[in-house]
1. Give just the number: which of (1) assigned to a loop (DSSP other than H, G, I, E, B); (2) at pLDDT below 90; (3) within 24 Å of D100 (Cβ to Cβ) does M357 not satisfy?
2. For V528, only one of the following conditions fails: (1) farther than 27 Å from I599 by Cα; (2) open to solvent by 70 Å² or more (accessible area, probe 1.4 Å); (3) within 49 Å of the chain's Cα centre (by Cα). What is its number?
3. Taking only region 403-444 into account, find how many residues are charged (D, E, K, R) and open to solvent by 70 Å² or more (accessible area, probe 1.4 Å).
4. Is it true that A312 is surrounded by fewer than 16 Cβ atoms within 10 Å (Cβ to Cβ), aliphatic (A, V, I, L, M), in contact (Cβ under 8 Å) with a residue 24 or more places away in the chain and closer than 28 Å to L426 by Cβ?
5. Is it the case that some residue within region 37-60 is surrounded by 22 or more Cβ atoms within 10 Å (Cβ to Cβ), farther than 26 Å from R466 by Cβ and β-branched (V, I, T)?
6. Limited to region 327-344, what total is found for residues that are part of a loop (DSSP other than H, G, I, E, B) and open to solvent by less than 30 Å² (accessible area, probe 1.4 Å)?
7. Out of L379, L324, I need the residue that is assigned to a loop (DSSP other than H, G, I, E, B) and more than 17 Å from I395 (Cα to Cα). Which one?
8. Does at least one position in region 24-35 carry a residue that is open to solvent by 50 Å² or more (accessible area, probe 1.4 Å) and either modelled with pLDDT of 80 or more or not β-branched (V, I, T) (or both)?
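The values are calculated or read from the model by the stated rules, or taken from the named source; none is laboratory data. Fair warning: this is a prediction, and the values are worked out from it, not measured in the lab. In this analysis, Cβ positions are derived from the backbone assuming ideal geometry, glycine residues included, and neighbour counts consider all displayed protein chains. Keep in mind that these areas ignore ligands, DNA and RNA; they rest on the heavy atoms of the full protein, side chains included. Shrake-Rupley method; radii C 1.70, N 1.55, O 1.52, S 1.80 Å.
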Amino acid sequence: MSQAYPLERTRNIGIIAHIDAGKTTVSERILFYTKKIYKIGEVHEGAATMDWMEQEQERGITITAAATTCFWNDNRINLIDTPGHVDFTVEVERSLRVLDGAVVVFDGVAGVEPQSETVWRQADKYLVPRFCFVNKLDRTGADFWRVVDMIRDRLGAVAVPIQLPIGSEDSFRGVIDLVEMQAITYGNDLGDKIEVGEIPADLLAEAITHRDRLVEALADLDDQIAHSFLEGEPVDADRVRTALRAGTLGYRIVPVLCGSALKNKGIQPMLDAVIEYLPSPLDVAAVIGRDPRTGEQATRHTDAGEPFAALAFKIAADPFVGKLAFFRVYSGTLKTGSYVYNSTKGTKERIGRILEMHANHREEMDAVSAGDIAAAVGLKHTFTGDTLCDEAKPIVLEAISFPEPVIELAVEPKTKADQDKMALALQRLAEEDPTFRVSSDQESGQTRISGMGELHLEVIVDRMLREFKVQANVGRPQVSYRETIRKASRGEGRFVRQTGGKGQYGHAVITLEPLERGAGYTFESKIVGGSVPREFWKAIEEGIRDALAGGVLGGYPVIDLKVTLVDGSFHEVDSSEMAFKIAGSMAAKDGVAKADPVILEPVMKVDVTTPESFMGDVIGNLNAKRGHVEGIDEHATSRVIHALVPLAEMFGYATELRSMTQGRATYSMEFSRYKRRTHHGQAEVRPQQAARERRHHRSRRPRQDHPDCRDHQVPGAAGWCRLPRLRHDRQRSRGAAARDHDRHRARRVPDCGASLRARRLPRPRRLHQEHDHRRRPDGRRHPGRVGGGRPDAPDPRAHPPRPPGRGPVAGRLPQQGGHGRRRDAHRPGRDGGPRAPQQVQLPG
């Protein structure tokens, strides 16, 4: 293979772009015009060759990078089609690590989109030469020059068009080549009949203007072109191509081409540009690594005669051949059946088979050499980023850096039969995708999966169902809170049990002191005089540890405190390790309750990279999440915001940030420290305890509202309140029922509980304009009547008839109590509220 296509006629390129810019459509046309396939498959029909996964065909997007090999004008092109969705950015990252060049595709209507900026930064990171292809110029609203301006403004690139579109939108029919100064049009919709001729007269002046601008841009790169430009002499096409290639390889210029992949226009000139302007393996600098034995720098040149060195950049599970390891060969030659040394792991592995991949199809190869990209079967200990080399001359190449996962979910099998299968499935999927993490929370017992976004984890769960037949439930994970103390205290625990035989006795006195954040837990004994024998110290410490594993507020572990054993007592016969362990646990709980305990929450260090125009919205959103912005850095055309945000506020932040910034911002997150949780969130931290407290205090709340709300609880400084208590002399005069009621009112009620239930108030008086039983028409009271009321009312509608069976009780008057009030005024009704006023019928 290497002899038929030498290195100078080999290209390793990738297609990178924002989602729905047309990458896979461009790749499909490349395969068709290079005779790799004989029928064009459309993405919207789920028939694209490079989108071979079921999830890709159903959703119409690329999820995993697919590699293939094709040939154009006696040149070999190793092509990788990468995803455009931000959740699968790892595929772009590891592909650009091993590629020599890239074609960046832009939508002719949308222009530079958010993920376009991301993949551009990734290409800058790995110093990958590239050129731009403005696609979809046949769509309504397409504007070639607007896209060129966006490339210059948003990406900061020296974008130089080398083609101009002929027509626009539905009249787009070809391109003008500014290098050769000729028009390329297409005779049919299939795009295989190309007509090369003179530039139309109506576009000639524009073409000459932009040709002069192209030469002017190249004059800064080539002295000969600069001399010809200043002298007004014409510059031939070969010289322009040479200068364009040099400028592209030196990252000083970015050529811009145009076309419409769906309408089969502009693909063949783009393939010519791949050969003309993108580098071969010989144009790439020698790869630099490290000798694992000496730690010194080692270099490998792109030469088949040098020691073998390759980088594994992707792991895939194939249902027919098993585990596939994709690798790029930087130097040397590798044959089937030979052994390689994994210098990253320090293991030796055998190459069972070498495959040339065409999406999900495989072709056997006998050997690969420098500059080739292939896949190997039989590597058991090799994973993404590992170096494969000659054992006699080992080298460790620079590993691939991957972004940290930004979203986390809890997953559990639906049935017990799925439990073992789920563990195996998650292990296989984690081997393939470095941005997919699996962890187990020892406190909550949950299995957590982490990824780059909601779609990423959705695809993972879907693959578990289809490929591994695992049914799973997915939900939001729990936050691991902690508890600590804020002041020193003293705790005492005494455990005494007397039975028919030997009893149990243990007594321990401890002191607790708060420590700095992150100091952990320490135990010390200051027993003097043998009040507690030394053999019981360990049992006391074990009991303290058991008690601190579940705090008094929410049952979370208590951290950052020092416990000192200061006193105690023992019994010569009844004392035992178990008794002192229980006594230590009791003492710890008693001391923590007295030490002003608080709840701590995990705080994450968040770095948000956003365009400057969205910086205010991002900072405002972080502040709303109880975040603290620590600093802002400038990075090219974007800003990097460094902040500390509680983990509980970060669930779903990936989707929220993309919506806020039109998808142009990214962020990374890592654990920073534990911090005291603010008071307003305590009920969220301990919902079960809060529910119990609400149920407990519901029956002991005040029985009657006060008009000015003095009977309601009021939040205090420590999160509690005490309802007002009546004067003692007033209690004494009101009797036992009133005293019991007031004692209940004085109980402590948490302000985090639900609001008090609405209670029925005494029936309000009717307006005087309607009628009044107590006053004469002139406003004076009636003398001699009970309550001063009148026997009848002028408005008969004021006394509607009662329902059957609920007539007034004749001849009964309300009982009178102290202060002129009913004695049962405070007795609750059946629903817990005050009893409704009793209706009575006054004697005629």
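1. Only one criterion in (1) assigned to a loop (DSSP other than H, G, I, E, B); (2) at pLDDT below 90; (3) within 24 Å of D100 (Cβ to Cβ) is unmet by M357, namely (1).
2. (3)
3. Applying the first criterion (charged (D, E, K, R)) to region 403-444 yields 404, 408, 412, 414, 416, 418, 420-421, 428, 431-433, 437, 441, 443.
Applying the additional criterion that residues be open to solvent by 70 Å² or more (accessible area, probe 1.4 Å) yields 404, 412, 414, 416, 420-421, 428, 437, 443.
Summing the residues that are charged (D, E, K, R) and open to solvent by 70 Å² or more (accessible area, probe 1.4 Å) in region 403-444 gives 9.
4. Working: surrounded by fewer than 16 Cβ atoms within 10 Å (Cβ to Cβ): no; aliphatic (A, V, I, L, M): yes; in contact (Cβ under 8 Å) with a residue 24 or more places away in the chain: yes; closer than 28 Å to L426 by Cβ: yes.
Taking the combined requirement at face value, the residue does not satisfy it.
5. Residues of region 37-60 that are surrounded by 22 or more Cβ atoms within 10 Å (Cβ to Cβ), as a first pass: 43, 48-51.
If we keep only those that are farther than 26 Å from R466 by Cβ too, we end up with none.
No, region 37-60 contains no residue that is surrounded by 22 or more Cβ atoms within 10 Å (Cβ to Cβ), farther than 26 Å from R466 by Cβ and β-branched (V, I, T).
6. First pass over region 327-344, keeping only residues part of a loop (DSSP other than H, G, I, E, B): 332, 336-338, 343-344.
Those still in the list that are open to solvent by less than 30 Å² (accessible area, probe 1.4 Å) too: 332, 337, 343.
Total meeting the criteria: 3.
7. Details: L324 fails: assigned to a loop (DSSP other than H, G, I, E, B).
So the residue among L379, L324 that is assigned to a loop (DSSP other than H, G, I, E, B) and more than 17 Å from I395 (Cα to Cα) is L379.
8. Within region 24-35, the subset open to solvent by 50 Å² or more (accessible area, probe 1.4 Å) is 35.
Those left that are additionally either modelled with pLDDT of 80 or more or not β-branched (V, I, T) (or both): 35.
Yes: one or more hits.
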